[in-house]
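Below: the structure, in structure tokens.
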Amino acid sequence: MTEGNPHPHPLPRLRGSGSESNTFSRAGEGVSGSVAITALHSYPVKSCRGLSHVASVVRATGLEWDRHWMFVTDTGRFITQRESGALARVEVAIENASVVLRAAGHPELRCPIEETTPTMRVRIWRDVCAAQPSRVDTRDWLEAAAGIRGQLVRAAPGHDRISSAAFTGDDEGRVHFGDAYAFLLVGEASLEDLNSRLPRKLPMARFRPNIVLRGLRPYAEDDIDRLVFGGIELKCVKPCTRCITTTTDQVTGQRDGDEPLRTLQSYRRLASLNGVAFGMNAILLNGDGRSLAVGDRAEVIWRPPDAPRPW
């Protein structure tokens, strides 16, 4: 493992980490200016390369088409970059009613968006849910492109997964093939702070966010209750615990040492979740069918400092 750079100022801590709470607990303290969206990203096929958007329709399950598809083994278990970092090399496009898969040195593969195939049972973490396999057999293509066999499946209409009520509370969260929640938010300042601690700076792509925000102080997203963009309202529900995917170069698909996990372990470990946290998971409360755009400004509603956190 490589050591991160020592940092000259006190390290912010998450609530529940066994140390002092972070410094952005009171309403307004986490804002360094107006809060606005600087980037929007969706990942139509789970663990494959993402798309950047100037604007995107918002659904209860996330940005439009986000994690609407994934690859599964012959037994129906989900496949991610945890098993094959080379999935990051698979480019995805939505074109002419097709999901188009591309990888350097391989012919493109076109799979229809609409399917009439019978549903099958697939497993993603502890959830077993319905999915529709593509009528196109993708197993040989994926093995050649990413070194792992997998069949492309689509989230079956009307079979959304429900996010854990332990974190969403009385508000229902829905998700397709995202790990657990519909949206992932990251503040630019959080990455800037992390990069100041790393031996080598990393791009935001390592963390695969959906919404990137400017105007928050580092890690202030920890203490946001809700973000309101006009008629769109997001509820922040759980810090995002990070895995080996963050150590994978999202261009080459190669593992790249043990950063940022090693450095995050030194100051962003959340004992109650048994992991290191970076970014915030969110669900949609209002605004299904409306659009978010880069440049949209947010009204930030903070958690009261004495409000219980479910983590």
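Structure notes:
- Qualifying position, being within 27 Å of Leu273 (Cα to Cα) and of a type in the set (A, V, I, L, M, F, W, C), among Leu227, Leu142: Leu227
Residue by residue, here is whether (1) crowded, with 24+ Cβ neighbours inside 10 Å; (2) among the charged types (D, E, K, R); (3) in contact with a Cys (Cβ under 9 Å, 6 or more places away or on another chain) holds:
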residue	(1), (2), (3)
Arg214	no, yes, no
Glu221	yes, yes, yes
Leu261	no, no, yes
Gln265	no, no, no
Arg268	yes, yes, no
Leu273	no, no, no
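- Residue count for segment 121-135, restricted to those that are over 25 Å from the mean Cα position of the chain (by Cα) and surrounded by 15 or more Cβ atoms within 10 Å (Cβ to Cβ): 0
This table checks each residue for (1) at pLDDT 95 or above; (2) surrounded by 19 or more Cβ atoms within 10 Å (Cβ to Cβ); (3) touching a Pro at 6+ places or on another chain (Cβ under 6 Å); (4) part of a strand (DSSP E or B).
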| residue | (1), (2), (3), (4) |
| --- | --- |
| Ile37 | yes, yes, no, yes |
| Thr75 | yes, no, no, no |
| Gln81 | yes, yes, no, no |
| Leu87 | yes, yes, no, no |
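- Options Gly158, Gly169: the member that is more than 24 Å from Tyr267 (Cα to Cα) and modelled with pLDDT under 95: Gly158
- Pairs with Cβ under 8 Å, 6+ apart, first in segment 71-85 and free of Cβ contacts under 8 Å to residues at least 60 places away in the same chain and under 16 Å from Val136 (Cα atoms), second of a type in the set (Lys, Arg) and buried (at least 18 other Cβ atoms within 10 Å of the Cβ): none
- Look at segment 244-270: where a residue is more than 27 Å from Ala145 (Cβ to Cβ) and a partner is at pLDDT below 95 and buried (at least 20 other Cβ atoms within 10 Å of the Cβ), sitting 6+ places away or on another chain with Cβ atoms under 6 Å, you get Thr263/Gly4; Leu270/Leu14.
- Look at (1) closer than 22 Å to Ser84 by Cβ; (2) surrounded by fewer than 22 Cβ atoms within 10 Å (Cβ to Cβ); (3) of a type outside the set (Phe, Trp, Tyr) and you find that Leu184 fails only one, number (2).
Residue-by-condition table, conditions (1) surrounded by fewer than 19 Cβ atoms within 10 Å (Cβ to Cβ); (2) of a type in the set (Gly, Ala, Ser); (3) within 22 Å of Val212 (Cα to Cα); (4) touching a Phe, Trp or Tyr at 6+ places or on another chain (Cβ under 6 Å):
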| site | (1), (2), (3), (4) |
| --- | --- |
| Cys48 | no, no, yes, no |
| Ser52 | yes, yes, yes, no |
| Val58 | no, no, yes, no |
| Trp141 | no, no, no, no |
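- Against the conditions (1) more than 25 Å from the chain's Cα centre (by Cα); (2) surrounded by fewer than 16 Cβ atoms within 10 Å (Cβ to Cβ); (3) of a type outside the set (A, V, I, L, M, F, W, C), Glu115 satisfies every one except (2).
- Residues of segment 128-160 classified as under 27 Å from Arg89 (Cβ atoms), touching a strand residue (DSSP E or B) at 6+ places or on another chain (Cβ under 9 Å) and among the charged types (D, E, K, R), total: 5
- Single residue of segment 284-311 satisfying the filter (hydrophobic (A, V, I, L, M, F, W, C) and not in a strand (DSSP E or B)) that is modelled with the highest pLDDT: Val294
- Test for Phe207: is it touching a residue at least 60 places away in the same chain (Cβ under 8 Å), out of contact with any Asp or Glu (no Cβ under 7 Å at 6 or more places or on another chain) and more than 20 Å from Gly85 (Cβ to Cβ): no
- Yes/no for Val99 being crowded, with 17+ Cβ neighbours inside 10 Å and within 15 Å of Ala156 (Cα to Cα): no
For every residue, the table says whether it meets (1) of a type in the set (S, T, N, Q); (2) under 17 Å from the mean Cα position of the chain (by Cα); (3) on the phi > 0 side of the Ramachandran plot.
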residue: Glu233; (1), (2), (3): no, no, no
residue: Thr245; (1), (2), (3): yes, yes, no
residue: Leu261; (1), (2), (3): no, yes, no
residue: Ser272; (1), (2), (3): yes, no, no
residue: Gly279; (1), (2), (3): no, yes, yes
residue: Ala293; (1), (2), (3): no, no, no
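- Flag if Asp288 is surrounded by fewer than 16 Cβ atoms within 10 Å (Cβ to Cβ), touching a strand residue (DSSP E or B) at 6+ places or on another chain (Cβ under 9 Å), acidic (Asp, Glu) and within 19 Å of Ser42 (Cβ to Cβ): yes
- Here Cys129 fits the description: farther than 16 Å from Gly50 by Cα and in contact with a His (Cβ under 9 Å, 6 or more places away or on another chain).
The values are calculated or read from the model by the stated rules, or taken from the named source; none is laboratory data. What you are looking at is a predicted structure, and each value in this text was computed from that prediction instead of being measured. Please note: Cβ atoms are built from the backbone with ideal geometry, for glycine as well, and neighbour counts cover all protein chains shown.
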